[in-house]
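Engineer: Please find one structure pasted underneath; my questions will follow.
The values are calculated or read from the model by the stated rules, or taken from the named source; none is laboratory data. Since we're looking at a predicted model, the values are computed, not measured. Neighbour counts run over all protein chains shown; Cβ positions are idealised from the backbone, glycine included. Please note that ligands, DNA and RNA were not included when accessible areas were found on the heavy atoms of the full protein model with its side chains. Shrake-Rupley method; radii C 1.70, N 1.55, O 1.52, S 1.80 Å.
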Amino acid sequence: MKLKELQTMFLASAYKNSSIDELEKKFTPAGTLSASEAMEVYAEDYEVRMLEALKENYAKVYEYIGAEKFYLLYNDFKETHSSSSYDLERYGDDFPHFIKDHLISAKAPNLHTLAEMDKTFRAVFHAPFIEGLASQQLADANENSIFNFLDTLKAFDAPVPLWKGDYTEETSFFFFRTSVGVNYFPISKTQYTLFSHLLSGRALGEAIELTPEISAEEVQQLFLFFSSNRLIKSLK
Amino acid sequence: MEHLTINSSAEVGVGLRAQHFKDVKNLSIEDTSPVAWFEVTTENILCSKGRGRKVVEDLRQNFPISLHGVSLSIATVENLNYDYLEKLKRLIHEVDPFMVSDHLCWTGTSKNNLHNLLPFPYTFENLEYLANKVSEVQDFLGREIALENLSAYLHFNENEIDESEFLKLLAKKSGCKILLDVNNIYVNSKNQNFNPKAYVDNIPKEAIAEIHLAGFTDMGDYLFDTHSCPVHSDVWQLYKYTLEQKGKIKTLIEWDEDIPKFFDLVEEASKAYSIMEKL
């Protein structure tokens, strides 16, 4: 049997955990296993590995819906999503979109947002640690300044508390990369709105005008956060 | 092409795991004796600039590092994955490992990766096919690689030679080295009913770049290579036999599931060191 033919059958059998007689005639199983049981070793290993990868990649989704529902969700996901990358971190890249279209969203409409947050968290986690401008380099900033933020600063405006909370109150927050990992910083809805305007390239004065409900204290707090964590890449 | 330094300094290493990042943060060689080097799983840092990469960058200031991959998939019928190889080449440049290794296996296809180390038939046709691919990899990376024998839960009836002969001939034809996993030899010898010492005897000393040791789990019907427990006493015996036949060889303790405290891992490394020192 040619290698291609054999590998095609092996994959089909292990991926679907199904017996293929023609394949099982081609090998001698280990120990006292039957041929089908030997293939099950590979099939079950695949199942455990991919479930574990999805669980790690979407840790908050797992925490939110629990092991049983997560397993059911994984079972549906794997039917249409094999792993096409050598990087297990990439498994489930389409999981947020899949959840949005899944029946589970009827009962948990914000679950896909939670999945997006998990995905963003991982992206920040694997990003290189870069320090932006120091406080003194921001001294000249004024209402006409346009801020360019580090890519490792991500804002979330979630309909439910997605990070550290009991999932019952609304919340907005930042993820940002630190030298040792990823940190979380809660912000108000208005701070989130202001940041969105800044992120779109508007000058500070214009962004504040577009966020009339924001207080001077909230603006000050936001910029203290940016400067103390060196999250601004450049300004003009 | 950069060549591996074989057996010039037979030392014991351990696999770096995230659970031990805090333990290794401020280590120096004196602190961890007999641990003289660390093995990093290539894929853990290949696409990441996160904490793991930083730990490796810091660790390499004090310790030699080897890169051990699981995704080369050298035996797949598909062409080599140059996206993977480009990243690996860049990583090698950044980490400067003393050794780059992977497994004698395939892991799936570009559309369906099982993320497992899968067996294939040891035929002369496949030997030629693999020798060419290994050479292609080594030419691209500009250095030798080592390939590890794997644990398998079946063996193909169309095998024309046994695994040790296949490895030996592959090393001879391609110039690659062998990463001899003594635990895998033992596990397969029980699962497939062959003499593990004969396997060891058939591997030329000069082809062995490194030895791996790990724990397996007895599943009743078969032995399962779980890397979840201490090295079995029979595997220690086979390791001792291997060193007696081949001399001192760099040895790594692997532990991937139910990972113990770093101190316990060092204890396991001490056992290998002790056997090596008594030669």
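Engineer: Just one of the numbered conditions (1) touching a residue at least 40 places away in the same chain (Cβ under 8 Å); (2) open to solvent by 70 Å² or more (accessible area, probe 1.4 Å) is not true of B:Glu267; which one?
Structural biologist: That leaves (1) as the condition not met.
Engineer: While we're on this one: Just for the range B:109-119: of the residues that are in contact (Cβ under 8 Å) with a residue 24 or more places away in the chain and either more than 7 Å from every other protein chain (Cβ to nearest Cβ) or touching a helix residue (DSSP H, G or I) at 6+ places or on another chain (Cβ under 6 Å) (or both), which one is most open to solvent (accessible area, probe 1.4 Å)?
Structural biologist: B:Leu117
Engineer: Among the numbered conditions (1) buried (at least 17 other Cβ atoms within 10 Å of the Cβ); (2) on the phi < 0 side of the Ramachandran plot, tell me where A:Gly92 comes up short.
Structural biologist: Of (1) buried (at least 17 other Cβ atoms within 10 Å of the Cβ); (2) on the phi < 0 side of the Ramachandran plot, only one is false for A:Gly92: (2).
Engineer: Kindly indicate the residue of the range A:192-206 that is among the polar types (S, T, N, Q) and within 16 Å of A:Leu150 (Cα to Cα) and also surrounded by the fewest Cβ atoms within 10 Å (Cβ to Cβ) among those meeting that condition.
Structural biologist: Per the criteria, the residue is A:Ser200.
Engineer: Which condition number does B:Ser135 fail, the rest of (1) out of contact with any strand residue (DSSP E or B) (no Cβ under 8 Å at 6 or more places or on another chain); (2) open to solvent by 30 Å² or more (accessible area, probe 1.4 Å); (3) within 13 Å of chain A (Cβ to nearest Cβ) being met?
Structural biologist: (3)
Engineer: Next question. Can you tell which of A:Val61, A:Val48 is more than 14 Å from chain B (Cβ to nearest Cβ) and of a type in the set (Val, Ile, Thr)?
Structural biologist: Only one candidate passes the filter, namely A:Val61.
Engineer: Could you please give the count of residues in the range A:167-209 that are farther than 19 Å from A:Gly132 by Cα and part of a strand (DSSP E or B)?
Structural biologist: Going through the range A:167-209 one residue at a time, the tally reaches 5.
Engineer: Given (1) in a loop (DSSP other than H, G, I, E, B); (2) in contact (Cβ under 8 Å) with a residue 12 or more places away in the chain, identify the lone condition not met by B:Trp236.
Structural biologist: Single failed check for B:Trp236: (1).
Engineer: Here is a further query. Where in the range B:3-101 are there helices (runs of 4 or more DSSP H), lying fully within it, with 3 or more residues that are under 19 Å from the mean Cα position of the chain (by Cα) and crowded, with 18+ Cβ neighbours inside 10 Å?
Structural biologist: B:42-46, B:82-95
Engineer: Further question on the same structure: Which ranges mark the strands (runs of 3 or more DSSP E) fully within the range B:154-214 that have 1 or more residues being more than 18 Å from the chain's Cα centre (by Cα)?
Structural biologist: B:154-156
Engineer: So for the range A:208-231 (the condition being closer than 24 Å to A:Met117 by Cβ, modelled with pLDDT under 95 and of a type in the set (Lys, Arg)), does at least one residue qualify?
Structural biologist: Within the range A:208-231, none of the residues are closer than 24 Å to A:Met117 by Cβ, modelled with pLDDT under 95 and of a type in the set (Lys, Arg).
Engineer: Can you tell me which of B:Glu206, B:Glu125, B:Glu160 is touching a residue at least 24 places away in the same chain (Cβ under 8 Å), within 14 Å of chain A (Cβ to nearest Cβ) and open to solvent by 50 Å² or more (accessible area, probe 1.4 Å)?
Structural biologist: Answer to the check: B:Glu160.
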